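Worksheet for the structure shown next.
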Amino acid sequence: MMMKTKFLKSVLPISVVTLAIAGAFSTHAMDKASDRMVERTGYEHLSQQEPCVARIACTTDPGDPCTFNGAVLYDQLTSVSCPNPLNKIQQ
């Protein structure tokens, strides 16, 4: 019984530290994954009757403006609001 107690007292703290480090690395990896490109449908402003018409996939990453037939495309917030310009997906 004495040997088992000594073993647990020495191994348990090491196990806890190892789990904590593994958790920290996995959390950091999730943060990096969220920094990657966010793909959004690009919407074109046509008229008052059709304020946001879906066109092609764009991204929120920095880059050249996302366009469709020369028109800059935007991110849709509501069915009548597309205020944020999007960028081209870089291949």
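For the range 49-66, 3J(HN,Hα) computed residue by residue from phi via the Karplus equation (6.51, -1.76, 1.60; θ = phi - 60°) reads 6, 10, x, 9, 10, 5, 10, 9, 6, 10, 9, 8, 5, x, x, 5, x, 7 Hz, glycine and proline entered as x. Size descriptors for the range 39-85: radius of gyration and Dmax over Cα atoms are 9.8, 30 Å. Taking label points 7 Å from Cα along the Cα-to-Cβ direction, Ile89 and Thr41 give a separation of 1.4 nm. Distance between the modelled labels on Lys9 and Thr60, one decimal in nanometres: 5.2 nm (7 Å Cα→Cβ projection).
Taking amide H positions as modeled 1.01 Å from N, with prolines and chain starts lacking one, the residues under 5 Å from Cys66 and 5 or more places away or on another chain are Leu73, Leu86, Asn87, Lys88.
What list do you get for Glu44, Glu50, Glu39 if you sort them by fewest beta carbons within 10 Å?
Working: Glu44 19, Glu50 10, Glu39 13.
Ranking Glu44, Glu50, Glu39 by Cβ neighbours within 10 Å, fewest first, gives Glu50, Glu39, Glu44.
Near the amide H of Ile56, within less than 5 Å, lie the amide hydrogens of Gly42, all on another chain or at least 5 residues away, with H placed in the peptide plane.
Read-outs throughout are calculated quantities, based only on the coordinates presented, and are distinct from any laboratory measurement. Note that the structure is a prediction, hence the values are computed from the model and not measured. Heads up, the Cβs are rebuilt from the backbone with ideal geometry, glycines too, and the neighbour counts pull from every protein chain shown.
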